[in-house]
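The values are calculated or read from the model by the stated rules, or taken from the named source; none is laboratory data. What you see is a predicted model; the values in this text were computed from it and never measured. No Cβ is skipped: glycine too gets one built from the backbone with ideal geometry, and neighbour counts run over all protein chains shown.
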Amino acid sequence: MNKLKFIPQIIAAFTLFSCAETDPKEILQNSFQKCQSIQAGTYEMVEYVKFMSQSDTNKFEYDCVFKKLKDDSLYSSAFHYTKSFENGNTWDVMYTGNEFVSYFGDKDTGIIMNKQQWAEDIIKFRHNHTFYEPFTERNSYPIPHDSILKNPRKTFQLVGETVINGRECYQIRVTTKPENDTTDSFQFLRIEQDFWISKKDFIPLAYADAIDGEMDGDTMYQYNRKELLNYSINDSSKIKAISPAALPSHVYLKDYQPYKSPPLLANNTPAPNFTLISIDGDSISLDDYKGKVVLLDFFYKSCHPCMKALPLLNDLHHKYAEKGLVILGINPFDDIKNDDMRNFLTKREVKHLSLFGANKVAAQYNVSAYPTFYLIDKTGKITYQQSGYGQVIDQELEDTIKERL
């Protein structure tokens, strides 16, 4: 997939600072009221997303039809959108108020979920779906309004005037003073939102969130921007698309079946062999350590419980490496170079081997939560397994290691 190096500051290059006397709070309140008047419509949107755990920015496009729902408990709107990925794939998602439908454009089958039967599961998946929220949400989130405009932790700045897709607009920046709990591993350093509001009718033409933070000694940055390409508001002419009957005739919808996480591999199961790449580019196989006790740690960079477990792993390596314990970090998600894993592990004083490109290995070992630990004895059989981390397992794991050495 081609990645996009997106520089949000480019908008500032087109900003004209000629509206210092205009009240940014008044503009945002007017925009909120405008969005509250929207009951149905269509939009085409582009989204740029830079996740904290990634160095590149991803681009997605959406084509959506929506209609507000008055009292629905799951979504503020009925909708049907098509999400387009940079590799050409598409994903259609629909909610009618009674049914939830999802299918990928390169597949002939999709799933359908009845609201009455599967409401909890529909809610569980809601975070996977993206909208132009000022149009589709009952509270027109995230447009600040009313009491939010009076929040003393927030400052409102009229950056200037600019043009987006041929439409003149105000750019307003909302900065929120972070409130951090010093006991948390993640500390917010900067929280900013930008809104580009149409000068003509107060429609929000784009909005963005930027967050800087620090976690476990690493500075991290996350950015998300959504921008309207085209839109038609209070237009119900296309709402017939919000129906399973509107799907292509070749798409067959199957009744939803909940995913059940497979159990971890049982004790006395021969540990599946694998070959992965180390941070130095060497090929490492589990079979290389026959006759030794091996602890597998399935982890990834932005997994907080995984990071909480690192002091334990460092301690076990220090105590037992010379006695025959081998610890292998197994990473299915992070890229050695793009995610700067060498620096990441060095900062955390990780001395044991970390291996990468482990998607298939995680599937072999039925890993569905992180971290997951497996202890393999000298005969190559699994003798301990644990999904998740809490300090209560420290002694249990160490005692099991000592018994097997």
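Some points to look at:
- Some residue of segment 104-122 being under 30 Å from Val251 (Cα atoms), of a type in the set (Ser, Thr, Tyr), in the same structural domain as Asp63 (by TED's automatic domain parsing) and more than 23 Å from the chain's Cα centre (by Cα): yes
- Restricting segment 113-142 to residues that are among the aliphatic types (A, V, I, L, M) and surrounded by fewer than 18 Cβ atoms within 10 Å (Cβ to Cβ), the residue that is farthest from Asp194 (Cα to Cα) is Ala119.
- Tallying residues that are in contact with a strand residue (DSSP E or B) (Cβ under 7 Å, 6 or more places away or on another chain), over 18 Å from Ser185 (Cβ atoms) and of a type in the set (Phe, Trp, Tyr) within segment 292-341 yields 1.
- Any hit, segment 391-404, residues being closer than 25 Å to Met220 by Cα and surrounded by fewer than 18 Cβ atoms within 10 Å (Cβ to Cβ): no
- Residues that are acidic (Asp, Glu) and loosely packed, with under 12 Cβ neighbours inside 10 Å, drawn from segment 249-293: Asp255, Asp280, Asp282, Asp287
- Candidate set: segment 199-208, residues that are free of Cβ contacts under 8 Å to residues at least 60 places away in the same chain and outside any loop (DSSP other than H, G, I, E, B); chosen: the one farthest from Tyr48 (Cα to Cα): Leu205
- Note on segment 370-387: residues that are among the small types (Gly, Ala, Ser) and under 14 Å from Asp287 (Cβ atoms) total 1.
- Residue ID - nearest to the chain's Cα centre (by Cα), chosen from residues in segment 123-145 that are within 22 Å of Leu205 (Cβ to Cβ) and charged (D, E, K, R): Glu133
- Being part of a helix (DSSP H, G or I), over 30 Å from Leu310 (Cα atoms) and touching a helix residue (DSSP H, G or I) at 6+ places or on another chain (Cβ under 8 Å) is a condition met by at least one residue of segment 223-246.
- Residue pairs meeting the criteria (Cβ under 6 Å; at least 6 apart or on separate chains; first among the β-branched types (Val, Ile, Thr), in segment 55-76; second in a strand (DSSP E or B) and surrounded by 16 or more Cβ atoms within 10 Å (Cβ to Cβ)): Thr57/Tyr48; Thr57/Lys50; Val65/Thr42; Val65/His80
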